[in-house]
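The block underneath contains the structure these notes are about, expressed in structure tokens.
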Amino acid sequence: MPKISVILTSYNHAKYLRESIESVLHQTYSDFELIIGDDASTDASWDIIQSYADPRIHVFRHETNKMGYTVNEALLFMASGEYIAIHHSDDIWEPKKLEKQVAFLDTHAHVGAVFTDVFVIGEESEPLADGTHPYQSVFDQPNRTRFEWLNYFFYRGNALCHPSVLIRRVCYEDCGVYRYGLLQLGDFDMWVRLCLKYEIYVLPERLMRLRVRSNTMNASGNRPEVRIRGSFEYFQILENYKNISTSDDFQKIFPAIAKYVTPDGFDLGFALGMAAFEPGTSNGKHLFGLTLLFEALNDPDRSSRIEALYGFTQKDFAELSARYDIFSVELVASLESQIQVLRVEAEAKNQVLLILDEIQGSRAWKLVTRLREIRAKLFPFT
């Protein structure tokens, strides 16, 4: 049984696939199996994968595209290693990546997963050093406790690079595999669930090269469908915070609002709901918060206890639900009003233009224009 199962996801990256595979095979740490799952690529990817005869490589292929989740198939049916590494077919590992990560996990039994810093490259493997792409800074993070990470995830979002991770197999067994339906933020969802139970660590070394595709072609690229889908997925990820196990953990995750843990008691749903209204939070978190408070108000026992603990009543909820325009109702109304004004102005302008056209097309206008031309010729200096 190998120490590590490397799971490499492949989809239409024939241009980069060989370099990606080679970066695994040339690791200084060699006790691994490489499982390559191809999600029905339509380019030469499958031919490239089949060209390898290394006994450490195991492959499978979807006949139709399944929108990812090859990682889950490999985890559930093929991977046998104590540690799991995730790799993508357009990224590259530095030779000592696995060696350094295994050494860390072997000597830090309390840590569930170890990540690395990232070196960002472009389409042709050129370094991106101008600082303009968000990937060049988002993964440069200090190490935090799992509670501090959960706070960061709640208020800021993801900042861990999926194909840099080496994670204990037991973490997947304990936390579950990647959830279906999360096409943009499946890894982020996993990190939240992971940190609810395990510490993590980021090696402060750039041990992988993350490729940024042109025209936002990365799976997480800044495109309309990614932004729209991501908003829904982020809302689902917030649900994980309902699994905070104790009031002590809540205080460690949200120290700024520890006041909701009182000597007389604590209601997680209420406290978590109020966390969603801290300064700087967005509509997605506001919806999450209102949903939690709505649930609490409609449980008679909880509602009475919350009023006794925090003095929070239906009147307070009514004020909150009117203050946070989570569906942008007023914004849409304002835009529609502005559009109507512009439409009226445009119609008025069109009327003026029509009148001018009529004037300029009239015999009188043409006569005046002709007289001006004659005058200009006869009296050019007046």
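If you go through the range 125-182 and pick out every residue that is in contact (Cβ under 8 Å) with a residue 40 or more places away in the chain, of a type in the set (S, T, N, Q) and either outside the structural domain of L76 (by TED's automatic domain parsing) or at negative phi (or both), you end up with 5. Any residue that is over 22 Å from the mean Cα position of the chain (by Cα), of a type in the set (S, T, Y), crowded, with 17+ Cβ neighbours inside 10 Å and part of a helix (DSSP H, G or I) - is there at least one of those in the range 239-246? No, there is no match, as no residue in the range 239-246 is over 22 Å from the mean Cα position of the chain (by Cα), of a type in the set (S, T, Y), crowded, with 17+ Cβ neighbours inside 10 Å and part of a helix (DSSP H, G or I). Only a single criterion out of (1) surrounded by 18 or more Cβ atoms within 10 Å (Cβ to Cβ); (2) not in a loop (DSSP other than H, G, I, E, B) is not satisfied by L160, namely (2). Here is the figure for the range 35-74: residues that are in a strand (DSSP E or B) and either surrounded by 20 or more Cβ atoms within 10 Å (Cβ to Cβ) or touching a Cys at 6+ places or on another chain (Cβ under 9 Å) (or both) total 4.
So, in the range 295-313, exactly how many residues are within 12 Å of L268 (Cα to Cα) and hydroxyl-bearing (S, T, Y)? The number of residues fulfilling the criteria is 0.
From the list A109, A85, the one residue that fits, being modelled with pLDDT of 95 or more and more than 25 Å from the chain's Cα centre (by Cα), is A109.
The values are calculated or read from the model by the stated rules, or taken from the named source; none is laboratory data. Source: prediction; values computed, not measured. For neighbour counting, all protein chains shown are included, and Cβ atoms are generated from backbone atoms with ideal geometry for every residue, glycine included.
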